[in-house]
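Shown next, in structure tokens, is the structure this report addresses.
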Amino acid sequence: MKVLVTGAEGYIGAVLGPYLAERGHDVSGLDCGFYRNGWLYEDGRRRPPVAAMDIRQVDAADVVDFDAVVHLAELSNDPLGEHDPQLTYAINHRGSLELARACQAAGVSRFVYTSSCSVYGAGSDDARTEASEVLPQTAYARCKVLVERDVQALADERFTPVFLRNATAYGASPRMRFDIVLNNLAGHAWTSGEIKMTSDGTPWRPLVHVEDICEAILLALEAPREAVHNQVFNVGSDEQNYRIREIAEIVAEAFPGCVVTYGPPSADNRSYRVSFGKIRRHLPGFRCRWTADRGARQLREIFESIAMSKEVFNYRAFTRLQQLKYLVATRQIDEQFFFREPTGRAAEA
Ligand SMILES: NC(=O)c1ccc[n+]([C@@H]2O[C@H](COP(=O)([O-])OP(=O)(O)OC[C@H]3O[C@@H](n4cnc5c(N)ncnc54)[C@H](O)[C@@H]3O)[C@@H](O)[C@H]2O)c1
């Protein structure tokens, strides 16, 4: 199958490209390259070619050759969304919708969208299913809800969108993110021997390993149309609904000598438990092969192998918001987050 992965140079994309290619798919990527500087380690895997392009500039001609598009390219977390909500809507909602329209117009038959369990937001401790009410708390999560709604309306006999509401990811990717909970705690445990929680860690946060997300995407691409057509799936496993304090304890276990301290209850009210039964019913091959404990040990092994320093852990490109602020401050991207002309060419003009 000819597959285009948008956001191929991101945290999930850098694992997904080789994952799909190694399973026989003809993969190409598209990415504007916000975090290109952030490469934590070499994994020796062959990566597909990536076109340097913004999703807001893609039209039907750019996708006409593909059987499927996996769409990852968005501003990827809550702090980014709160930083500039209008821009989040422009890229994550309108950009994603226009991309889906281009795919539909071009005859791309499958469109796999990476939504998020953060659409469930806050509320009771009951595990949320795909039929539960959504309660998005941030611009990022509201955009996920809007894209699901608007792209579902495009589904027809030739165009099959699939919506994967991923739990919060963890685990190794060369294009690392240290702004997601388990990876962040592991980085602290390694560089300081200490996890200082600024909150009491009581909120629920389901987790899923980045490779298990890749497996869900693979199955969503390969499944018979009737199993997935216009369906929403939570991606993760019931056993990986953790309270944040449990995640801290699991990480501390994996880093011998690490001490955990807690703070007062947090004002951040995002907390949700999620049910992951539906994906297993519709995609019977799906199961999570990773646990938080194994993922934390995987990270420790990588930190050991590269002797990761505090400077590397704190490098701006591993924290999405810091890197974007840097690109704006250094005028490499404009206020709408489009890359400016390369300085060399601009200077010649
Ligand atoms: N990582 C998680 O915990 C998680 C959980 C649930 C859902 N998701 C979703 O999965 C997707 C990928 O997440 P990730 O963690 O790999 O994020 P990431 O930030 O590491 O990667 C996103 C990639 O998209 C690119 N990109 C962003 N805006 C673009 C644009 N306008 N045009 C072209 N490229 C653009 C970036 O350069 C980056 O390489 C996102 O949509 C995210 O919301 C992630």
Which GluC sites (Glu not before Pro) in segment 1-62 sit in a loop by DSSP (not H, G, I, E or B) and have at most 11 other Cβ atoms within 10 Å of their own Cβ?
Glu42
When the label point is put 7 Å from the Cα of Asp150 along its Cα-to-beta-carbon vector, which residues of segment 160-174 have a backbone N closer than 11 Å?
none
Kindly state, as a whole number, the per residue volume in cubic angstrom of the convex hull around the alpha carbon atoms of segment 167-239.
122
Taking the chain as the region of interest, what is the percent of Cα-Cα pairs per 10 angstrom bin, listed from the shortest bin to the one with the maximum distance?
5, 25, 36, 25, 8, 1, 0
Could you check the simple spin-label distance between Asp238 and Tyr326, using points 7 Å along Cα→Cβ, in nm with one decimal?
4.3
Accessible area per residue of segment 164-212 at 1.4 Å probe, in Å²?
24
With all protein chains present, how much of the accessible area of the chain (probe radius 1.4 Å) comes from carbon and sulfur, to the nearest whole percent?
49
With runs of 4+ DSSP H residues as the only contributors, calculate the mean residue ellipticity of the chain at 222 nm using -39,500 (n - 2.57) per run, divided by the residue total and rounded to the nearest 500.
-10000 deg cm²/dmol
Quick one: of the DSSP bridges fully inside the chain, what percent are antiparallel, nearest 5?
10
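Counting other C-beta atoms within 10 Å, and keeping those with at most 11, which DSSP coil chymotrypsin sites (Phe, Trp or Tyr not before Pro) do you find in segment 261-338?
Hits after loop and neighbour filter: Phe338.
The values are calculated or read from the model by the stated rules, or taken from the named source; none is laboratory data. Being a predicted model, the structure only gives us computed values, none of them experimental. Heads up, the Cβs are rebuilt from the backbone with ideal geometry, glycines too, and the neighbour counts pull from every protein chain shown. The accessibility values were calculated without ligands, DNA or RNA, using every heavy atom of the protein model including side chains. Shrake-Rupley method; radii C 1.70, N 1.55, O 1.52, S 1.80 Å.
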